[in-house]
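J.: The following block contains the structure, expressed as structure tokens.
The values are calculated or read from the model by the stated rules, or taken from the named source; none is laboratory data. Just so it is clear, the structure is predicted and the values come from calculations on it, not from any experiment. Ideal geometry is used to build each Cβ from the backbone, glycine not excepted, and the neighbour counts take in all protein chains shown. Just the protein is used for accessible areas: all its heavy atoms, side chains included, with ligands, DNA and RNA removed. Shrake-Rupley method; radii C 1.70, N 1.55, O 1.52, S 1.80 Å.
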Amino acid sequence: MPTPLEQWVEEQAQLCQPQRIYWCDGSEAEARHLIQIGIKEESINGTPVFQELNQTRWTGAYYHRSHPTDVARVEHLTYICHPEKETAGPNNHWMAPAEAKKLMTGLSQGCMKGRTMYVLPYMMGHPDSPYAKACVQLTDVSYVALSMRIMTRMSQEVIGRIGARQDFVKGLHSVGDFDPNRRYIMHFPEENFVWSVGSGYGGNALLGKKCFSLRIASCQGYREGWLAEHMVIAGIEDPSGRITYVTVALPSACGKTNLAMLESALPGYKVWTLGDDIAWLNVGEDGRLYAINPETGFFGVAPGTSLKSNPNMIRTLQGKRFFPTLFTNTALDRDRNEPWWEGLDGDMPRHIVDWQGKSWDPSQGTKAAHANSRFTASAYNCPTLSREFDNPKGVPISAIILGGRRTRLIPLVTEAFDWANGVFLGARTGSETTAAAAHQIGALRRDPMAMLPFCGYNMGDYFGHWLSVGRRLKNPPKFFSVNWFRTDEQGKFIWPGFGENIRVLKWMLDRVDGKISARKTPLGYVPHLSDFDMSGLNLSSEQMQALFAVNPQEWPEELSDIEKYLNQFGPRLPQQIKAEYAKLVQQMGA
Ligand code: OXD
Ligand code: MN
């Protein structure tokens, strides 16, 4: 008798008609074998799936070039297929499950002909964690199989764990023919199922990541009483050796990875890394909020990553412990056979090949690396990995930090008045858009808790769920907002960012510990300048004041934009959020 898993794999194989089926075991030997298959046997757009890079300087590193139309998440082709449209909410594209399945069946018929179907059994979360989930993804490209080995805990033991169960998390992925008109990322939360065709790009193809660990898992969390969030998890060690754990939600490409492995500019402080993208938050038996990172790797944006912006990421990328490390759509230094991108340290190489494989020089006026080019690297190669990383219980969280990229209005840091005010802070967060998804760059969009592209259900209900989790906590974390991106009259960033961000974290720790008071503004508490550690930093007091300024006369437009955004959720918007909005309007004197 086949198990439900075997039967499911067989059914998908009948539909997709691969030439062969390969059950992965997640071992290093297998990874080395799959790299060779990617180099010698598989290709995308006429280019081998992998190219070996300079192994002396970048141990275990391989290069992958995407199909040129396939370089970012495609939010307009991403659907959440709840039975009722209302459940998906105005924050999602929706299709009825039966219609979506019909469409995807058509696109998947014979889509793996001549290819291998890789069966990837993996855990999101440590296998011993009560919060972990057993999953299986099918894919038809070695790049995805290897990326999933880096990003998840892949092993054959997962198969035994699933045993006779039907409710494992399922993902069916095929790159199809890369035709953007035949590309869809469909989610079926009622069945814990993701079906993705036509893209090999990380966020669309590594189905354990955004698709499962955020979109589907957020629905599981709503049903089961926990939260799946787009958040960094980090431990901040103070000079006494005490470590305080925080989570940080920032929209894509706003420096989450840099923050997760920040190298402190203040002596005595150290940041320990637990995750750079996803946090699952549960209420622990002691009534505190605990976070686990379901992933085991980093899928980060390469351009701008350097020894200055993120030395620990560069060290991770050159790490030797876990095989392999992948570079996708960066440029290449042709002479040294190394990855290269704008912002990398050192002199510009003499001969550069751009992300599309063409010879490049700066006079062309283009960028050599794609703005959303990426690395995929194991957390186990990270020199700042927290010793709690594999703790099945996770770590207790003392502060939840929310932010966005705003050139105006939003102070460098504020502390919310209480939990409901913090949830409202998350709900009103906006950000100027970047290159991680295919859309207009630089426009302001509301991105509550940085979850707009990832919340698998109606965001009105999501705000309510956050409020209800808060009611179950005996010792809730404090909420803060951050904005590293405020500019001066000349349009220059005021705050230096990167390692200096520790100063902001230090202020938060002092607030969590009740060591200092703060100045009340309509947006929350901001630092008294005398409490904010500026030692060794060359910022004038005018600049500092500008960073923390809250000017009610600049707010009417922002307030009406927030109101318009929240009103979309109609009766699903919790009363408490409406009340918080009314309070803000009143305090701004609007
Ligand atoms: C990511 C994203 O890739 O948020 O992490 O787009
Ligand atoms: Mn992300």
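J.: With N set to the residue count of the stretch 1-96, report its C-alpha Rg divided by 2.2 N^0.38 Å to two decimal places.
T.: 1.54
J.: How large is log10 of I(q)/I(0) for the stretch 298-381 at q = 0.14, 0.18, 0.23 Å⁻¹ when the intensity is taken from the Debye formula with one equal scatterer per alpha-carbon?
T.: For the requested q values the scattering log ratios are -0.44, -0.72, -1.12.
J.: Then there's this: For the stretch 298-381, what's the relative contact order in percent, using C-alpha pairs closer than 8 Å and at least 6 residues apart?
T.: Reported relative contact order: 44 percent.
J.: If the stretch 184-224 were replaced by its equivalent ellipsoid, with semi-axes equal to the square roots of 5 times the Cα gyration tensor eigenvalues, what would those be, largest first, whole Å?
T.: 19, 10, 5
J.: For the stretch 449-486 and the stretch 100-119, what is the separation of their C-alpha centers, rounded to whole Å?
T.: Taking the Cα centre of each part, the stretch 449-486 and the stretch 100-119 sit 37 Å apart.
J.: Glu6 to Ala96: FRET efficiency via 1/(1 + (r/R0)^6), r the Cβ-Cβ distance, R0 30 Å, to the nearest 0.05?
T.: It comes out at approximately 0.55.
J.: Using the alpha-carbon centroid of each, what span in Å lies between the stretch 33-62 and the stretch 367-381?
T.: 15 Å
J.: Over the Cα atoms of the chain, compute the convex hull volume and normalise it per residue, giving Å³.
T.: 150 Å³
J.: Within the set of other residues whose C-beta is less than 12 Å from the C-beta of Asp177, count the net charge using Lys and Arg as +1 and Asp and Glu as -1.
T.: Cβ neighbours under 12 Å give a net charge of +1.
J.: Right, something else. Please give the peptides 508-520, 246-258 ranked by average Cβ packing (other Cβ atoms within 10 Å per residue), highest first, as a rough proxy for protection.
T.: By packing density, highest mean first, the sequence is 246-258, 508-520.
J.: Using a probe radius of 1.4 Å on heavy atoms only, what accessible surface per residue do you get for the stretch 298-381? Whole Å² is fine.
T.: Normalised by residue count, the accessible surface of the stretch 298-381 is 41 Å².
J.: Would you pull out the residues with amide H under 5 Å of Leu402's amide H, same chain only if 5 or more places away, H placed 1.01 Å from N?
T.: HN-HN under 5 Å from Leu402: Ala249, Phe480, Ser481, Val482.
J.: Among Thr3, Gly394, Gln109, which residue has its Cα furthest toward the positive end of the charge dipole of the chain, with +1 on Lys/Arg Cβ and -1 on Asp/Glu Cβ?
T.: About the Cα centre, the residue reaching furthest to the positive side is Gly394.
J.: Report ³J(HN,Hα) in whole Hz for each residue of the stretch 487-504, in order, from the Karplus equation J = 6.51 cos²θ - 1.76 cosθ + 1.60 where θ = phi - 60°; Gly and Pro get x.
T.: With the stated coefficients, the stretch 487-504 comes to 10, 8, 4, 7, x, 8, 4, 7, 8, x, x, 6, x, 6, 4, 4, 5, 5 Hz.
J.: Please report, in debye to the nearest 20, how large the charge dipole of the stretch 131-248 is about its Cα centre when each Lys and Arg carries +1 at its beta carbon and each Asp and Glu carries -1 there.
T.: 100 debye
J.: A follow-up question, please. May I ask for the percentage of alpha-carbon pairs in the stretch 370-465 that lie more than 21 Å from each other?
T.: Percent of Cα pairs beyond 21 Å in the stretch 370-465: 54.
J.: Same structure again: Sequence gap at least 6, Cα distance under 8 Å: using those rules, report the relative contact order of the stretch 441-546 to the nearest whole percent.
T.: Once normalised by length, the contact order is 13 percent.
J.: Oh, and also: Which whole-number percent is the relative contact order of the chain (Cα, under 8 Å, 6+ apart)?
T.: The value is 15 percent.
J.: What does the charge add up to near Leu509, with Lys and Arg as +1, Asp and Glu as -1, over the other residues with Cβ less than 14 Å from its Cβ?
T.: My count for the surroundings of Leu509 gives 0.
J.: Would you work out what percent of the accessible area of the chain, with all protein chains in place, is carbon or sulfur (probe 1.4 Å)?
T.: Carbon-and-sulfur percentage of accessible area, whole number: 49.
J.: Only Lys, Arg, Asp and Glu count, each charged at its Cβ (+1, +1, -1, -1), so figure out the dipole size of the chain about its Cα centre, rounded to 20 debye.
T.: Dipole size: approximately 200 debye.
J.: Projected onto the charge dipole of the stretch 298-381 (+1 at Lys/Arg Cβ, -1 at Asp/Glu Cβ, origin at the Cα centre), which of Asn381, Trp341, Thr305 gives the Cα projection farthest towards the positive end?
T.: Of the listed residues, the answer is Asn381.
J.: If packing is taken as the average count of other Cβ atoms within 10 Å, what order do 123-129, 444-450, 24-30, 476-482 fall into, highest mean first?
T.: 476-482, 444-450, 123-129, 24-30
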